[in-house]
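A short reminder: the numbers here are calculations on the coordinates, not readings from a lab. On a predicted model such as this, the values are computed, not experimentally measured, just so you know. Methodologically, a virtual Cβ is constructed for each residue, glycine included, from the backbone with ideal geometry; neighbour enumeration extends over all protein chains shown.
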Amino acid sequence: MFIFVEIFYGDAIICSLPDTNFMTGGVEVKLDTALVLEAQKGSQEGFTRLYEAVAPSLYRTALYTLGNSHDAEDVVSETFIEAYRGLGALRDPQAFVPWIYRILSARCNRKIREYVRARNQTDIDQMLELPGEQNEFSETVLERTDLLHALGQLAAEEKQIVILSVIEGYTAKEIAAIVGSPQGTVSSKLFRAFKKMRKHLEGGKQS
């Protein structure tokens with residue numbers, strides 16, 4: 001049984017979507033191209049299924065990026081409003097996942113600019129409950145609380161690619177498609193970001 005929530009554009013309801021549990025689901029979203037094509041034809045059921053497939057992953061990414069559950073929910077909602085309006089113009093259905101992640105990234109960056117002068121209060125308790133597998137780096141080096149603190153030392157762009165790699169399980173090639181940068185650039189930034197995080201973690205253990 002679903003509880004439906006409504007997405008508004010102005011005063012008009014543009015879509016009614018199931019209120020899925022954002023904290024469930026695995027890493028690295030894979031979609032059937034036929035599902036994207038169905039949604040592009042105007043099928044609300046098709047768009048709802050897209051929402052169900054990608055919303056948990058987008059929410060996790062937004063939550064780790066912004067550190068605030070309320071802002072993360074707002075950003076995900078804004079992302080789907082923009083996706084709903086622009087889906088028909090997406091030429092390559094196979095590019096849906098990197099396309100919607102780019103929308104999310106832009107929305108997150110906008111939100112960060114809105115409160116750049118205010119210290120972001122991390123919702124640590126909720127983040128510690130986030131499920132999902134993590135790669136070898138996070139399993140052997142990072143505890144979840146340490147991860148939050150280490151992420152806080154990174155610039156916004158560095159944080160984004162680390163989240164996509166460590167939390168969502170994307171490869172450097174896939175991240176490059178999402179953020180619109182060369183794969184080599186992403187790999188270099190990941191290396192430098194992990195180095196910063198290790199330095200922060202090692203410093204914390206010594207203190």
field: Proximal charge balance of Gln153 [Cβ under 10 Å; K/R count +1, D/E count -1]
entry: +2
statement: Expected unfolding gain across Lys199-Ala34 under the 0.36 nm per residue rule, minus the alpha-carbon gap, is 54.9 nm
task: Once you've got the Cα coordinates, tell me which of Lys111/Lys195; Lys41/Lys111; Lys159/Lys199 are over 22 Å apart.
output: Lys111/Lys195; Lys41/Lys111
